[in-house]
Amino acid sequence: MPIREALPEDAAAVASVHVLSWRAAYRDLLPAPYLAALDVEERAAAWRVRLTAADRPTVLVATDAAGRVLAFSCFRAWRGEGFEPGPTAELAALYALPEAWGTGVGRALLTASTEALAAAGFRTAALWVFAGNARGRRFYEAAGWRPDGEVVREETGGRVLDELRYRRQLFT
């Protein structure tokens, strides 16, 4: 399956994947009215800004044979606390259309993302995942990511949820 860097004209497709994935993946974690109110057009505008910013993150998209975006990832140098930013990257997002779950698109995109991070000189990568997102946690753990013990409580959609930080060395 083709994987390439996202272009500004991919903003609407990335936003659609983002919203549809959230609605499916987090339906048992976040309130239904919050998920229903997620707006693809609003997200598309935000993604257009991200994809054209001078300090933009790297965004990869996985497409089907017809060029339709099935999944995306977004990564950048670590900007939070807890790590030196130079050698550490953050995988800020990795989402796939629910219809693509279980097809290998997520694994391929995660592999491409970690390879791109290593090629960019990062030594370690970290990400945040909702503690209650068992499917996501299994996905990352199968790819060698491990929780490192850091937990934050974040309010999303009016609910306070624990997020676990996962980490992976990019070079073994």
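The values are calculated or read from the model by the stated rules, or taken from the named source; none is laboratory data. Quick caveat: nothing in here was measured; it's all calculated off a predicted structure. As a convention, Cβ positions derive from the backbone with ideal geometry for all residues, glycine included, and neighbour counts pool all protein chains shown. What goes into the accessible areas is simple: the full protein's heavy atoms, side chains included, and nothing from ligands, DNA or RNA. Shrake-Rupley method; radii C 1.70, N 1.55, O 1.52, S 1.80 Å.
Please state the relative contact order of the chain as a whole percent: Cα pairs under 8 Å, 6+ residues apart?
Once divided by the residue count of the chain, the mean separation gives 21 percent.
Under 5 Å between amide H atoms, partner at least 5 residues away or on a different chain: which partners does Ala92 have, H built in plane at 1.01 Å?
Cys74, Phe75, Arg76
Each label point is 7 Å from the Cα along the Cα-to-Cβ direction; what then is the distance between the points at Glu99 and Ala119, in nm?
A separation of 3.0 nm, rounded to one decimal place.
Mind listing the phi-derived Karplus ³J(HN,Hα) values for the stretch 36-47, rounded to whole Hz, using 6.51, -1.76 and 1.60 with θ = phi - 60°, and x for any glycine or proline?
Once rounded to whole Hz, the list reads 5, 7, 4, 10, 4, 5, 5, 5, 4, 4, 5, 5.
Per residue, how big is the convex hull of the stretch 16-62 when only Cα atoms are used? Give it in Å³. Please report the intermediate quantities before stating the final value.
Details: hull volume 4.1 nm³, N = 47.
Roughly 87 Å³ of hull volume per residue.
Name the residues whose placed amide hydrogens come within less than 5 Å of the amide hydrogen of Ala6, ignoring near sequence neighbours (fewer than 5 apart) on the same chain.
For Ala6, the qualifying residues are Val59, Leu60, Val61.
Let's test the formula: R0 of 35 Å, r as the Cβ-Cβ distance of Arg4 and Asp162. What FRET efficiency results, to the nearest 0.05? Walk me through the intermediate numbers first.
Details: r = 34 Å, r/R0 = 0.98.
The value I calculate is 0.55.
Using θ = phi - 60° and the Karplus curve 6.51 cos²θ - 1.76 cosθ + 1.60, what whole-Hz ³J(HN,Hα) does each residue of the stretch 143-154 get, with Gly and Pro shown as x?
Going residue by residue, I get 9, x, 7, 9, x, 9, x, 7, 10, 10, 9, 10 Hz, with x marking Gly and Pro.
Any idea what the alpha-carbon Rg over 2.2 N^0.38 Å comes to for the stretch 20-127?
Details: Rg = 15.0 Å, N = 108, 2.2 N^0.38 = 13.0 Å.
For the stretch 20-127, the normalised Cα radius of gyration is 1.15.
How big is the gap, in Å, between the Cα center of the stretch 150-172 and the Cα center of the stretch 68-145?
Going from one Cα centre to the other spans 12 Å.
Which value in deg cm²/dmol, rounded to the nearest 500, describes the helix-derived mean residue ellipticity at 222 nm for the chain, given -39,500 (n - 2.57) per DSSP H run of n ≥ 4 and division by the residue count?
Numbers: 5 runs with 57 residues, N = 172.
For the chain, the value works out to -10000 deg cm²/dmol.
Using a cut-off of under 18 Å, list every residue of the stretch 15-29 whose amide N is near the label point 7 Å from the Cα of Ala36 along the Cα-to-beta-carbon line.
Only 19-29 fall inside the zone, counting backbone N under 18 Å.
When the accessible area of the chain is split by element with a 1.4 Å probe, what percent falls to carbon and sulfur? Don't jump to the answer; show the numbers that get you there.
On the way: 4480 of 8950 Å².
That fraction is 50 percent.
Output wanted: per-residue J couplings in Hz (rounded whole) for the stretch 13-19, from phi through Karplus 6.51 cos²θ - 1.76 cosθ + 1.60, θ = phi - 60°, x for Gly and Pro.
5, 4, 4, 5, 4, 4, 5
Could you give the length gained by full extension between Ala65 and Ala108, i.e. 0.36 nm per residue of separation minus their alpha carbon distance, to one decimal place?
On the way: separation 43, 0.36 × 43 = 15.48 nm, distance 1.48 nm.
Difference between extended and current length: 14.0 nm.
Taking the alpha carbon gyration tensor of the stretch 103-172, what are the square roots of 5 times its eigenvalues, largest first, to the nearest whole Å? Don't jump to the answer; show the numbers that get you there.
Details: eigenvalues 110, 42, 22 Å².
Square roots of five times the eigenvalues give 23, 14, 11 Å.
List the residues whose amide H sits under 5 Å from the amide H of Ala131, counting only those 5 or more places along or on another chain, with H placed 1.01 Å from N in the peptide plane.
The list, which skips near neighbours in sequence, is Asp162, Glu163, Leu164.
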